[in-house]
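> Structure provided below as structure tokens; questions to follow.
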Amino acid sequence: MSFIKLLESEISKILVSLGYEDNVALLVSNRPDLGDYQYNGCMKLSSIYKEKPIDIANKIVEKLNQTNYFKSINIAGPGFINLSFSDEALIEYMNEIFNNFEINNYKVEKKLVFLDYGGANIAKELHVGHLRSANIGEALKRLLNNCGVKTISDVHLGDWGTPMGLVMNEIKHMKPDLPYFDENYDGVYPKESPVTESDLAYIYPMASKKKKESETYASEARELTQKLQNKDKGLIALWKHIVNTSSIDIKRVYEDLGASFDLWLGESDADPYIDEVLNLLDKKGLTYISDGALVMDVCEDEDKLEIPPILLKKTDGSILYASTEMATLYMRIKEYNPSEFWYIVDNRQELHFKQVFRAAKKSGLVNENVGLYFLGFGTMNGSDGKPFKTRDGGVMSLKSLIELVKSETIKKINDNITDKEALAKDLAIATIKYADLLPNRSTDYIFDPIKFSDLNGKTAPYLLYSTVRMKSLLNKSLEEKIGYKKYNILKTDLERNVILNLLEVPKVLENSLNSKSLNEIAEYLYKLTNNYNNFYASNKVLIEKDTKVRESWLVLTELVYKTNKMLLNILGITVPDKI
Ligand code: ARG
């Protein structure tokens, strides 16, 4: 059990023995001059048991004084209990986690969480808008796994909507003689894709421009989408080429970002379930035709803002984002039956998910006790406060963003490093990820490539350089045969601060799981690293004469190193061997 959990359960026992309820939470003190932690529960107990808070506090403190966890206990104000831990208790805990690092982790009982993140669109280049879904989703998956929760992740490619019709229409305009467009063709379709990765890079932007300029072009594209969704033989064959070609590039970018998925499915995989879902809704009498389209009401009496009906089928019979979403949910429940779904998608899609979740619960498609969570995220902006753009104001691709940051990080790397290019790329990705996970998930933030690649401050390079330095200190101690087996003495206040930080790890993980955001972990990493660096700057670990002190400091260094490595790994950031 972690130290703070242990103390909470000790205090619970005391409360029970005094005849009170036992709901105990210890908080890091906001007055470190008075104590390390606080117990503020006496106010609440006072209102329940009609006793003065100070009397309750006194009774608790009397019992706490009989334990040996504390060096000082005092009561402030009407009944706040301030606790400062004894050196012996801290040292004992350091030794416990030195022997079994997992004690200082957080584990939770939860069944299976299905994560939907990534969400790249076929035939469209990934842009910075896709970055956050991949970063946050991957980190949440790692957080869940770290805490002992099983997950299934799906990239949920956009491969079935109107953009597919647009791309096909442009290909048709470029190469009208291709057999895919000939309805009378009954031969075998070519094995080779008619388009390459680089073709696709300009086909979609071109088609999307033409659609805006010409209604004929737009309606041709709509017709192709509809034909595709009706499984036209030729179009399906062409579509497969497009999906395969585009996936190569998408996979490469996700690999660079370190985002991986158990399932590589797309919207199209839910298509076989659409009719089943629509029938189910129809049988329950939930759908109706409005202006020619098939819709379902999802508004509720308590709604402050009007929630419009969910659109399931257009007048021309083509299916929509919401119907695909419902069918995907249905398919996932059938195949995996998870207890929770987490969708990591841009804040701008909040209404879509609200409608889908309501429709899913209202129709019984999803069981009452299944948790459906829309985890929206804010936008990554440039210094002008608008979505991050290229210099000439265009949409910035993810690849260009990585290149841009790489050109900053490479300046920080020592010339004697062998593979400078590769390290610069890893550092650039770490820089982007840390900057992206540092703000609360749902807020917009300004990405400044120069600030975030700095060696100082709340940046990935600062954390990585510091962590690598800890590792090289530990390696040196091994080379010089300076062993360390246990924590003996707590000598300085700077080192005590680091220990107090280490005690917080389980709580930081618990809070992050509850908020489903990574910002607390990112902030904590900076605090711990900074406090360790303060300690390190004023104490020469390896040349310390007192062997007991030196040994303790090495244990401390190892514990901070391992903690950093674990938490950075949750954020999807790998610690290099050398920088
Ligand atoms: N492809 C979508 C987009 O780029 C994101 C998909 C999010 N996931 C979902 N289940 N709808 O907007």
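The values are calculated or read from the model by the stated rules, or taken from the named source; none is laboratory data. Given the structure is predicted, the values throughout are model-derived calculations rather than measurements. So basically every Cβ, Gly included, is an ideal-geometry build from the backbone, and we count neighbours across all protein chains shown. All accessible areas refer to the heavy atoms of the entire protein, side chains included, with ligands and DNA or RNA removed. Shrake-Rupley method; radii C 1.70, N 1.55, O 1.52, S 1.80 Å.
> Here's a check for you: in region 385-403, which residue that is under 18 Å from residue 201 (Cβ atoms) and among the hydrophobic types (A, V, I, L, M, F, W, C) is most open to solvent (accessible area, probe 1.4 Å)?
It comes out as 395.
> Report, by residue number, each residue of region 294-322 that is modelled with pLDDT under 95 and either open to solvent by less than 30 Å² (accessible area, probe 1.4 Å) or of a type in the set (Gly, Ala, Ser) (or both).
Passing the criteria: 317, 318, 319.
> Counting residues that are in contact with a Gly (Cβ under 9 Å, 6 or more places away or on another chain) and open to solvent by 50 Å² or more (accessible area, probe 1.4 Å), which helices (runs of 4 or more DSSP H) fully inside region 1-96 reach at least 3?
Working: elements: 3-17, 42-49, 53-64.
The helices (runs of 4 or more DSSP H) meeting that bar are 53-64.
> Quick test for you: out of 190, 179, pick the one residue that is surrounded by fewer than 17 Cβ atoms within 10 Å (Cβ to Cβ), in contact (Cβ under 8 Å) with a residue 40 or more places away in the chain and more than 15 Å from the ligand (Cβ to nearest atom).
Working: 190 fails: in contact (Cβ under 8 Å) with a residue 40 or more places away in the chain.
Of the residues listed, the single one that is surrounded by fewer than 17 Cβ atoms within 10 Å (Cβ to Cβ), in contact (Cβ under 8 Å) with a residue 40 or more places away in the chain and more than 15 Å from the ligand (Cβ to nearest atom) is 179.
> Taking interchain pairs and intrachain pairs at least six residues apart, which have beta carbon atoms under 8 angstrom, with the first residue in region 303-330 and away from the ligand (no atom under 14 Å from the Cβ) and the second among the acidic types (Asp, Glu) and part of a loop (DSSP other than H, G, I, E, B)?
Partner pairs satisfying both residue conditions: 307/300; 309/297; 315/291.
> Also, I was wondering about something else. For residue 519, work out the one condition from (1) within 28 Å of residue 25 (Cβ to Cβ); (2) open to solvent by less than 20 Å² (accessible area, probe 1.4 Å) it doesn't fulfil.
Here residue 519 meets the rest and fails (2).
> Which one is surrounded by the fewest Cβ atoms within 10 Å (Cβ to Cβ) among residues in region 107-130 that are in a loop (DSSP other than H, G, I, E, B) and more than 10 Å from the ligand (Cβ to nearest atom)?
Our first condition is that a residue be in a loop (DSSP other than H, G, I, E, B); within region 107-130, this holds for 107-111, 117-120, 122-126.
After this cut, where a residue has to be more than 10 Å from the ligand (Cβ to nearest atom) as well, the list is 107-111, 123, 125.
Numbers: 107: 13, 108: 12, 109: 7, 110: 16, 111: 10, 123: 27, 125: 22.
Applying the filter and picking the extreme gives 109.
> In region 323-352, which residues are open to solvent by 40 Å² or more (accessible area, probe 1.4 Å) and more than 17 Å from residue 152 (Cβ to Cβ)?
The answer is 347, 348, 349, 350, 351.
> Let me spell it out: the conditions are (1) more than 21 Å from residue 518 (Cα to Cα); (2) open to solvent by 20 Å² or more (accessible area, probe 1.4 Å), and residue 413 meets all of them except one. Which number is the exception?
(2)
> Name the pairs: first residue in region 120-132 and touching a residue at least 24 places away in the same chain (Cβ under 8 Å), second residue within 12 Å of the ligand (Cβ to nearest atom) and among the aromatic types (Phe, Trp, Tyr), Cβ to Cβ under 9 Å, at least 6 apart or on different chains?
Sorted first by the residue in region 120-132, then by its partner, the pairs are 122/160; 132/377.
> Next question. Hey, can you tell me all the residues within region 149-174 that are more than 15 Å from the ligand (Cβ to nearest atom) and touching a Phe, Trp or Tyr at 6+ places or on another chain (Cβ under 9 Å)? Write out each step before concluding.
Step one: of region 149-174, the residues more than 15 Å from the ligand (Cβ to nearest atom) are 149-151, 165, 168-174.
Selection gives 151, 168, 169, 170, 171, 172, 173.
> Right, something else. Being touching a residue at least 60 places away in the same chain (Cβ under 8 Å) and either under 28 Å from residue 95 (Cβ atoms) or not acidic (Asp, Glu) (or both): is that true of residue 69 here? So that I can check it myself, show each step before the final result.
Details: touching a residue at least 60 places away in the same chain (Cβ under 8 Å): yes; either under 28 Å from residue 95 (Cβ atoms) or not acidic (Asp, Glu) (or both): yes.
It is true that residue 69 is touching a residue at least 60 places away in the same chain (Cβ under 8 Å) and either under 28 Å from residue 95 (Cβ atoms) or not acidic (Asp, Glu) (or both).
> Could you tell me which of the residues 135, 95, 146 is more than 30 Å from residue 322 (Cα to Cα), under 18 Å from the mean Cα position of the chain (by Cα) and not charged (D, E, K, R)? I'd like the intermediate steps shown before the answer.
Values: 135 fails: more than 30 Å from residue 322 (Cα to Cα); 95 fails: under 18 Å from the mean Cα position of the chain (by Cα).
That would be 146, the only listed residue that is more than 30 Å from residue 322 (Cα to Cα), under 18 Å from the mean Cα position of the chain (by Cα) and not charged (D, E, K, R).
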